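Read the structure below first, then the notes.
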Amino acid sequence: MMGFETFQENLFNNNQLYYGMLISKTIGLTISAMLVWYSLDAGNSFLQSVCKLNNKSNCDSILNSPAAKLFGWISWAEIGFFYFSGGFLALLFYGVGAMPLIQILGVMVMPYTLWSVYYQGFVVRKWCVLCLGIQVLLWIEFLINWPINTGSLTTFSYKIALIAFLATPV
């Protein structure tokens, strides 16, 4: 069983980047599952206690806004669930071999995080606590994945491409 062997290999190999990402994907999967749960049962008392911390926070205002669905049919909550579950499974079955793809996807989601915070703060003027948790987690993943002091040409190219991508207006 290839996936289990990869998991065992990473379990006994002290790879901090791998474990950091696995923990991050687990947390992201939990929060995104709560967002999907909210879309199915918005009246749940536990979710209401998380989502309505004060008069400025209201998940319902964000999750039922016109921008809550991409192309009008798939919610951002579902996309987040697929993103984190896919990353979790990739890490579980492919180990550190999945890191290049996870790094590329991590860079690609950065503009979304900026748009989401802007939309919540300036358009709707309400905050979705769970949504903000996802945005913070995406930035944590980005920082975990930022190649540090490897000195390789691919790392340098990755940094240049990333800066160019983030500097591009959304």
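Determine if region 62-74 includes at least one residue that is among the basic types (Lys, Arg), crowded, with 16+ Cβ neighbours inside 10 Å and in contact with a Phe, Trp or Tyr (Cβ under 6 Å, 6 or more places away or on another chain). Lay out the reasoning, then the answer.
Just the residues of region 62-74 that are among the basic types (Lys, Arg), to begin with: 69.
From the residues that got through so far, the ones that are crowded, with 16+ Cβ neighbours inside 10 Å too are 69.
Narrowing further to those that are in contact with a Phe, Trp or Tyr (Cβ under 6 Å, 6 or more places away or on another chain): none.
Checked against the condition, which is being among the basic types (Lys, Arg), crowded, with 16+ Cβ neighbours inside 10 Å and in contact with a Phe, Trp or Tyr (Cβ under 6 Å, 6 or more places away or on another chain), region 62-74 yields no hits at all.
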Practice prompt. Search region 25-39 for residues being modelled with pLDDT of 95 or more and among the hydroxyl-bearing types (Ser, Thr, Tyr), and hand back the single one that is most open to solvent (accessible area, probe 1.4 Å).
Written response: THR30
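Kindly indicate the residue of region 137-158 that is surrounded by fewer than 13 Cβ atoms within 10 Å (Cβ to Cβ) and part of a helix (DSSP H, G or I) and also modelled with the highest pLDDT among those meeting that condition. Step through it out loud before you land on a result.
If we filter region 137-158 for residues that are surrounded by fewer than 13 Cβ atoms within 10 Å (Cβ to Cβ), which is where we start, we get 143, 148-154, 156-157.
Adding the requirement that they be part of a helix (DSSP H, G or I) leaves 143, 153-154, 156-157.
Working: LEU143: 82, LEU153: 42, THR154: 49, PHE156: 48, SER157: 50.
My answer is LEU143.
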Worksheet item: Do any residues in region 57-69 that are free of Cβ contacts under 8 Å to residues at least 60 places away in the same chain have Cβ atoms under 7 Å from those of residues that are open to solvent by 20 Å² or more (accessible area, probe 1.4 Å) and of a type in the set (Val, Ile, Thr), where the two are at least six apart or on different chains, and which pairs are they?
Response: SER65/VAL124
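Could you list, in sequence order, all residues of region 56-79 that are of a type in the set (Ser, Thr, Tyr) and touching a strand residue (DSSP E or B) at 6+ places or on another chain (Cβ under 7 Å)? Even if it seems obvious, please write down each step before you answer.
So in region 56-79, the residues of a type in the set (Ser, Thr, Tyr) come out as 57, 61, 65, 75.
The answer is SER57, SER75.
Select the helices (runs of 4 or more DSSP H) contained entirely in region 74-130, then report the ones holding at least 1 residues which are of a type in the set (S, T, N, Q) and within 11 Å of the chain's Cα centre (by Cα).
Details: elements: 76-94, 99-108, 110-118.
Here the list reads 76-94, 110-118.
The values are calculated or read from the model by the stated rules, or taken from the named source; none is laboratory data. Just so you know, these numbers come straight off a predicted model, no measurement behind them. Every residue, glycine as well, gets a Cβ built from its backbone with ideal geometry; the counts of neighbours run over all protein chains shown. The area values use the complete protein model at the heavy-atom level, side chains included, leaving out ligands, DNA and RNA. Shrake-Rupley method; radii C 1.70, N 1.55, O 1.52, S 1.80 Å.
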